[in-house]
Every structure is written in C-alpha cells, then in structure tokens.
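Each reported figure results from applying straightforward, stated rules to the coordinates on display, with no laboratory input. Keep in mind that this is a model prediction, so the values were computed, not measured. Don't worry about glycine lacking a Cβ; one is built from the backbone with ideal geometry, like all the others, and counts go over all protein chains shown.
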Amino acid sequence: MRAFKKFGGEEILDLGAYARDYLKLHKDVTLYVGTDSEQYRKHTQFATVVMFYHRGKGAHYVFAKFAAEDGRGGKKKIRDIYSRMFEEMMHSYTTAEYLESELAGFILREGDMKLAIVDVDVNPSPRWKSNTAYSSVTGFLKGERYRFRTKPEAWSASSAADLIVRK
C-alpha cells in the first residue's frame, strides 16, 4: 500500500488503522475513493484520495501522490487516454480493496455491494476524451460489486484528487 498523508504532510503509517480509528470517532460517514492524473513533460503523476464524507458537514480526506512507473524503477508517461483512465481506476480499486479487507466486519455493508464508493474520472458523454474508457471502467467496477460515480458527480476524483495532483 502506498504511503498516504494528511494535509500538512503528516504521514499515515497504516491506512487501515487510520480508517478504523476515524470511523470509531465519526459514525455517520460515507467512504469514497478517487484518483486523478496529470500529464507532465516526461511522466504521468497520480493522486489517490480516501475521503470520509460527513453528509451536510463536509469531508476529511487523506491522499497518496505518485508517478507512473516504467517497471524498472523509473517514471513513465502514459500517452493514450484509455490506458491512463483505466490506470486511474485501478489505483482507486486497489485502495478500495485494501480498505475492504481492513474494515471487514468493522462497519456494515449495504447489501451485496462493497464498502467504498469509487469515483472515476471518466465521462459518460462521447464529447469528452475520457469517454473512451467509460464502458471498460464502469463494467469492471460493476463486476467487482462496487458502487461508483462518474463525472460530473465523481468529486473525490475530479475535485479532491485533482487538487492534490496539480499541487
């Protein structure tokens, strides 16, 4: 699991323990996971957020920021939009799966669906480039029993993670 941080730089050593402790103190919270990316000259930068949303009161989130890796310990640039959108979703999925195992039995699920809601930065409208990955990304998450949101409702990815990745 990647190293997550709070604003201000404090590192979270164990995301699972952090989530459990947070949920003990705050009972009425919805858990969201989202990732966004930004293209730089020579690499693609990602940011994944875990958001604890307090309905009508705001949100608290923690984040991990990292570059795409080339498999040899270096950075790489993901040039095509489909691959980048799918990789964004996979980072969110991996984090949500980790939280699913860490929080098993700690909080109740809604029916057969998994705990976290995954926000994906793809657009259902064919007018936008990210639409090329829409069917694949949403189909994958449906198959894995995740609730998910896409643009424009996917604000943990399109707002919170976007803020981190551009910083």
Where a ≥ b ≥ c are the square roots of the eigenvalues of the C-alpha gyration tensor, would you call region 62-143 rounded, which needs a/c under 1.5, or, failing that, prolate if a/b is larger than b/c, or oblate?
oblate
Would you please report the Å³ per residue occupied by the convex hull of the alpha carbon atoms in region 18-62?
73
Where in region 109-165 are there chymotrypsin sites (Phe, Trp or Tyr not before Pro) that are in a DSSP coil and have at most 13 other Cβ atoms within 10 angstrom of their Cβ?
Trp128
Once the piece of chain linking Lys57 and Lys167 is laid out straight, how much longer is it, given 0.36 nm per residue of separation minus the C-alpha distance between them?
37.1 nm
Counting other beta carbons within 10 Å of each Cβ, put His91, His54, His60 in order, fewest first.
His54, His60, His91
Relative contact order in percent for the chain (Cα pairs under 8 Å, 6+ apart) equals 26
Sum -39500 (n - 2.57) across every DSSP H segment of at least 4 residues in the chain, then divide by the residue count to get the 222 nm mean residue ellipticity, nearest 500.
-9000 deg cm²/dmol
Members of Lys27/Lys57; Lys5/Lys42; Lys57/Lys114; Lys5/Lys129; Lys5/Lys151; Lys76/Lys114 lying beyond 22 Å, as alpha-carbon distances in this model show:
Lys5/Lys42; Lys57/Lys114; Lys5/Lys129; Lys5/Lys151; Lys76/Lys114
